[in-house]
Amino acid sequence: MKGWPGEPQMEYDVLMADGNAAANAGRQITDVIFDFGNVLIYWDPAAVMTPRYSDGLVEQFLDNDVSGFYDINNELDAGMSNDDGVALMRERHGDQWADMMRYYLDNFVDSLTGVVPGARVLINDLKAAGVHVWGLSNWQKDSFPIALDNFDILCSLEDRVVSGYVGLRKPHRDIYDYALKQFGIDASGALFVDDKAMNIVGANEAGIRGVRFKDARALRTLLIDAGVAIPAVHEK
């Protein structure tokens with residue numbers, strides 16, 4: 001199975017306000033909380049592996065049923081060290097996949113392939129409009145400093161909650177509640193943006209409206225339609 005286990009079906013670029021978030025539908029958006037990977041910066045684990053491994057082997061490595069790659073990433077995101085994550089993969093799935101995981105983690109910087117087009121300007125436009133911008137991401141504590149060193153966009157946010165440092169992980173509600181408290185904001189005015197559907201479901205459980213992200217231009221249009229006063233995309 002490729003991709004994260006437990007990912008539900010959900011449309012992209014649609015404002016979701018289900019469950020506990022339904023009461024906040026239509027309210028003014030005062031705060032936008034961004035995930036990092038594939039929302040602000042691209043993360044592609046395959047890009048790390050291609051110099052040393054065949055496409056077929058990389059495909060198997062990124063198949064959770066074969067290697068447990070995403071299960072181990074969940075443990076790392078929850079606070080496990082890289083060394084312990086490799087050891088756990090070795091115990092569960094054997095030396096071949098554990099050795100590949102070690103290579104992946106040692107060369108993690110190559111998985112970060114660039115800023116998502118439109119993300120930097122969108123953040124700046126939101127700030128100029130008086131909308132607060134924050135970060136909430138599942139990320140290993142051993143590798144997050146690499147992202148900070150290479151991408152100023154992460155430093156442009158007003159504050160960040162990173163799972164590996166707090167021992168909590170999306171999509172569980174407790175990390176959203178933790179973030180709201182740390183940021184000093186209320187769920188009623190917040191919008192959470194993430195590329196994974198399960199994390200939008202988690203945000204809704206915490207009363208936060210959410211958008212499954214695919215395209216910065218579509219997100220801009222959605223925000224404008226929701227009443228956020230930022231510049232629109234020129235059509236002519």
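Longest span of the chain, sites excluded, free of GluC sites (Glu not before Pro) in DSSP loop with at most 14 other C-beta atoms within 10 Å?
Numbers: sites that count: GLU11, GLU158, GLU235.
Longest site-free region, per DSSP loop and neighbour criteria: 12-157.
Within the same chain, lysines fewer than 8 places from LYS141 are excluded, and of the rest, those with a Cα less than 30 Å from its Cα are LYS2, LYS127, LYS170, LYS181, LYS196, LYS214.
Please work out how much length the chain gains when fully extended from THR50 to ALA226, using 0.36 nm per residue of separation minus the C-alpha to C-alpha distance, in nm with one decimal. Write down the numbers at each step before the final one.
Numbers: separation 176, 0.36 × 176 = 63.36 nm, distance 4.19 nm.
Roughly 59.2 nm would be gained on extension.
Compute the long axis of helix 82-93 from its Cα atoms, compare it with the longest principal axis of the Cα atoms of the chain, and write down the angle in degrees, 0 to 90, nearest 10. The answer is roughly 60 degrees.
Remark on LYS196: its backbone amide H falls under 5 Å from those of PHE213, a criterion applied only to residues 5 or more positions apart or on other chains, H modelled at 1.01 Å from N. So if R0 is 30 Å, what FRET efficiency would ALA128 and ASP149 give, r being the distance between their Cβ atoms, rounded to the nearest 0.05? Result of the calculation: an efficiency of 0.70. One chain, two ends: ASP99 and TYR42. Fully extended at 0.36 nm per residue, the span grows by 18.1 nm beyond their Cα-Cα distance.
Any idea of the accessible area per residue across the chain, 1.4 Å probe, to the nearest Å²?
Roughly 45 Å² per residue, with all protein chains present.
Solvent-accessible area of the chain (1.4 angstrom probe, protein heavy atoms only): carbon and sulfur portion equals 47 percent. Label positions at ASP65 and TYR165, each projected 7 Å from the Cα along the C-beta direction, are separated by 3.8 nm. Our estimate of slack between ASP215 and ASP18, defined as 0.36 nm per intervening residue step minus the Cα-Cα distance, is 68.7 nm.
Estimated from the Cβ-Cβ distance and a Förster radius of 22 angstrom, the FRET efficiency linking THR30 and ARG120 is about 0.55.
The values are calculated or read from the model by the stated rules, or taken from the named source; none is laboratory data. Source: prediction; values computed, not measured. Neighbour counts run over all protein chains shown; Cβ positions are idealised from the backbone, glycine included. Please note that ligands, DNA and RNA were not included when accessible areas were found on the heavy atoms of the full protein model with its side chains. Shrake-Rupley method; radii C 1.70, N 1.55, O 1.52, S 1.80 Å.
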